[in-house]
Amino acid sequence: MTDTVLALTDARLTLAGNAGPVEILKGISLEIAKGETVGLIGPSGSGKSSLLMLMGGLERATSGKVLALGQDLTTMDEDALARFRRGNMGVVFQSFHLIPTMTALENVALPMELSGTPDAFQRAEAELASVGLGHRIDHYPAQLSGGEQQRVALARAAAPRPAILLADEPTGNLDGVNGQAIMDMLFGLRDRHGATLVLVTHSPELATRCDRVIRLADGLLAPELKAAAE
């Protein structure tokens, strides 16, 4: 399907644990269409974040296949995955992952500089302005509030105009007011740039804003989702 942006086929993930191998994902098959917003929900330990990491090539499937924009992430080496993410994906984490010795502007511009974008700093400045931080571009992360740091992380993810935006509990470290503002901005970035958005959340209110909700339980798609697919 030409409109399919992400496609997983029997994707499994097993990680080493203290008592031996732990099966995190037990055979996930799903497709996500271009421009779709999808919420991943489920109890802690159900595999939500691991599934998001597979989609972003940040974890490698133990078996099965993970396609993003028609490219098989399971066959790429780490350098190829990094190049693919820089050109096609924006990722926002619960922890902001900003570089403390760089200003907000430098944090946003860096990934574009690494991928050879000629106007990296101009685009970074424009994206920071779009999330309300045009007056804070020269400030370092330690000089910014938690909400402001997450706005910088959003700007960094969106500035390269990625086809896919992935967000892992992006409001988890924020209070209600800042969390709501960040989600409004995230959906606004999706609308403005036309990206496909997949996010992990514990918030039912946030999940209802998505076009589709995928529920995980114990490393599997929840039975009601399987039944609907059949």
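The values are calculated or read from the model by the stated rules, or taken from the named source; none is laboratory data. Keep in mind it's a predicted model, so treat the numbers as computed, not measured. Heads up, the Cβs are rebuilt from the backbone with ideal geometry, glycines too, and the neighbour counts pull from every protein chain shown. Surface areas here come from the heavy atoms of the whole protein model, side chains and all, with no ligands, DNA or RNA. Shrake-Rupley method; radii C 1.70, N 1.55, O 1.52, S 1.80 Å.
Determine which single condition Ser46 fails, assuming it passes every other condition in (1) within 25 Å of Asp191 (Cα to Cα); (2) open to solvent by less than 40 Å² (accessible area, probe 1.4 Å); (3) part of a loop (DSSP other than H, G, I, E, B).
Only one criterion in (1) within 25 Å of Asp191 (Cα to Cα); (2) open to solvent by less than 40 Å² (accessible area, probe 1.4 Å); (3) part of a loop (DSSP other than H, G, I, E, B) is unmet by Ser46, namely (1).
Return yes or no: is Glu36 at pLDDT below 95, out of contact with any Leu (no Cβ under 7 Å at 6 or more places or on another chain) and either of a type outside the set (D, E, K, R) or surrounded by 16 or more Cβ atoms within 10 Å (Cβ to Cβ) (or both)?
Spelling it out, Glu36 is indeed at pLDDT below 95, out of contact with any Leu (no Cβ under 7 Å at 6 or more places or on another chain) and either of a type outside the set (D, E, K, R) or surrounded by 16 or more Cβ atoms within 10 Å (Cβ to Cβ) (or both).
How about region 100-147: which of its residues are surrounded by fewer than 19 Cβ atoms within 10 Å (Cβ to Cβ), among the charged types (D, E, K, R) and without any contact (Cβ under 8 Å) to a residue 24 or more places away in the chain?
The answer is Glu106, Glu113, Asp119.
Please go through region 54-92 and pick out each residue that is surrounded by fewer than 21 Cβ atoms within 10 Å (Cβ to Cβ), touching a residue at least 60 places away in the same chain (Cβ under 8 Å) and either part of a helix (DSSP H, G or I) or touching a Lys or Arg at 6+ places or on another chain (Cβ under 6 Å) (or both).
Within region 54-92, Arg86, Gly87, Asn88 meet the criteria.
With the checklist (1) open to solvent by 60 Å² or more (accessible area, probe 1.4 Å); (2) free of Cβ contacts under 8 Å to residues at least 60 places away in the same chain in hand, flag the one item Asn178 doesn't pass.
So Asn178 meets the others, but not (1).
Condition first: farther than 29 Å from Gly45 by Cβ and crowded, with 22+ Cβ neighbours inside 10 Å. Now tell me which residues in region 181-203 satisfy that.
Passing the criteria: only Leu189.
Just give me the residues in region 11-33 being open to solvent by 60 Å² or more (accessible area, probe 1.4 Å) and not in a loop (DSSP other than H, G, I, E, B), in sequence order.
Listed by number, the residues that qualify are Arg12, Leu15, Ala16, Pro21, Val22, Glu23, Ser29, Glu31.
Yes or no: Ser95 at pLDDT below 90, under 18 Å from the mean Cα position of the chain (by Cα) and among the hydroxyl-bearing types (Ser, Thr, Tyr)?
In short, yes.
Regarding region 1-10, can at least one residue be identified that is polar (S, T, N, Q), open to solvent by less than 30 Å² (accessible area, probe 1.4 Å) and in contact with a strand residue (DSSP E or B) (Cβ under 7 Å, 6 or more places away or on another chain)?
yes
Here is a list: Gly35, Gly42, Gly27. Which entry is over 21 Å from Ala68 (Cα atoms) and in contact (Cβ under 8 Å) with a residue 24 or more places away in the chain?
The match here is Gly42.
Filter region 148-161 down to the residues that are touching a Gly at 6+ places or on another chain (Cβ under 7 Å) and either at positive phi or open to solvent by less than 10 Å² (accessible area, probe 1.4 Å) (or both) and list them by number.
Ala157, Ala158
Which residues, taken from region 206-230, are modelled with pLDDT under 80 and farther than 17 Å from Ile32 by Cα?
Residues satisfying the conditions are Pro223, Glu224, Ala227.
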